[in-house]
Amino acid sequence: MTTMLARTDRSLLGTWWWTIDRTLLALLALLAAIGVVLVFAASPAVAVRKYGDGTHFIVRHIVFLAPSAAALLLCSLMRPLGVLRLAKALCLVFGAMLVLTFLVGMDINGARRWLGVGALRLQPSEFLKPALAVLVAWLLARQPGLAGLPRTLVLVLPVLALLAAQPDVGMAAVVAGVYGAQLFVAGIAWFWVLGLVGAGALGLWGAYLYLPHFTGRVNDFLHADTLGYQVEQALRAVAAGGLFGRGPGEGVTKFHLPDAHADFIFAATAEEFGIVACLLLVGLFAFIVARSLWRVAETGDRFVQLAAAGLVVQFALQALVNMAVNLNLMPTKGMTLPFISYGGSPFVALAIGMGMLLALTRRGARLEAPR
């Protein structure tokens, strides 16, 4: 493709090719390819139990790859102004859908986080998450310093309240963490950083006191003798894999792990491919994050810097939470491993977010719009 598109090519595709971070794009493609292999290895046992068809999840995963790849590439073609307009549209649509979950949402394990018809399910907060990061960046960048902070609170606090009411404490914590990171990049004083951490701790304490589902998960985490079933099976899988694993398809714990293809795919990977493979996967995630932050540091546009930083932190937090849950380093949370876990609407939402990141980290990206 390099020989087909000259550096002087000013077409949409030519400009995209010579300004996009092709290394970052290739790393994300590699992560998605690894995800196909790992879902293929981990999903048959679960698929047979649930649907009597061992190929059910891998076929659906590959089907979701097409729209996800298209969404990522289309978003990466945008200029920062296009990313901002897309974020506004997503915030309006999925913000309304988030409210609808309380009226017509699907009640699963006492939580109303999904909208759906039949087997089709959609979690609005997954699509709202990247849009919120971009809009917060825009509100902060419109004024010098932290003068835009009050407006961001008007946007973020209602979302956090809705997420806590669903309840989805894990998603609320990720949104709050991304918001805090963006404020830090914007130049908030350390005194207020400590205040935000304290407010977050109080929020988690309140959730522990008043949300029984969250209380149970925290108690299971704190008391080793009451480990949840999935966490116990995940730890057995990690221990059984050793350094180099049992071999592809040879894992046995996945036959007892209900979410081996989704939330606990990292544990299934450890059993079949070993700790070494898991460390390489962690290294790939770390390299993607480091590469993205390096590109963010190069930009001189405040909106681009804040929005891209928020999207990077979002990606990193999701990966960190998933792997920590698999290793029993934090209470269980239904959060997928980015581009690795079985696809669905979260996969598409993640692709949109990373497409936005690719667009914002293009060489020379600036928000060329009236403030």
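A short reminder: the numbers here are calculations on the coordinates, not readings from a lab. What you are looking at is a predicted structure, and each value in this text was computed from that prediction instead of being measured. Note that we place each Cβ from the backbone using ideal geometry, even for glycine, and neighbour counts take in every protein chain shown.
Numbers for the structure displayed
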| quantity | calculated |
| --- | --- |
| Cβ crowding within 10 Å averaged over residues, with 197-204, 16-23 ranked highest first | 16-23, 197-204 |
| Formal net charge of residues neighbouring residue 134 (Cβ-Cβ distance under 11 Å; K, R +1; D, E -1) | +3 |
| Helix-only mean residue ellipticity at 222 nm for the chain, each DSSP H run of n ≥ 4 adding -39500 (n - 2.57), per residue, nearest 500 | -23500 deg cm²/dmol |
| Separation of the residue 368 and residue 210 label points, Cα + 7 Å toward Cβ, nm | 4.9 |
| Backbone HN-Hα couplings from phi across segment 188-203 [Karplus 6.51/-1.76/1.60, Hz, Gly and Pro as x] | 5, 5, 4, 4, 6, 4, 5, x, 5, 4, x, 5, x, 5, 5, x |
| The chain - percent relative contact order, Cα under 8 Å, separation 6 or more | 28 |
| Computed E for residue 244/residue 120 - FRET, C-beta separation, R0 41 angstrom, nearest 0.05 | 0.55 |
| Local electrostatic count at residue 343 - Lys and Arg +1, Asp and Glu -1, tallied over other residues with Cβ under 15 Å | -1 |
| Ordering of 245-256, 340-351 by packing [mean C-beta count within 10 Å, highest first] | 340-351, 245-256 |
| Segment 16-60 and segment 312-350: distance between their alpha carbon centers, rounded to Å | 14 |
| In nm, spacing of pseudo-spin labels at residue 236 and residue 99 (7 Å Cα→C-beta vector) | 4.7 |
| Calculated FRET efficiency for the pair residue 157/residue 190, C-beta based, R₀ 25 Å, to 0.05 | 0.65 |
| Positive dipole terminus of segment 1-150, leading residue within 43, 131, 145 (C-beta point charges) | 145 |
| Approximate spin-label separation residue 276-residue 108, in nm, with each point projected 7 Å along Cα-to-Cβ | 3.7 |
| Electrostatic dipole magnitude of the chain [Cβ: Lys, Arg +1; Asp, Glu -1; Cα centre; debye, to 20] | 1160 |
| Pairwise FRET efficiency - residue 223 versus residue 293, Cβ, R0 = 30 Å, nearest 0.05 | 0.20 |
| Neighbourhood net charge (14 Å Cβ-Cβ; Lys/Arg +1, Asp/Glu -1) for residue 125 | +3 |
| Protection proxy ranking of 283-292, 36-45 - average other beta-carbon atoms within 10 Å, highest first | 36-45, 283-292 |
| Unsatisfied cross-links (Cα-Cα over 22 Å) in the set 50/129; 254/333; 129/254 | 50/129; 129/254 |
| Neighbour-count order for 333, 129, fewest beta carbons within 10 angstrom listed first | 333, 129 |
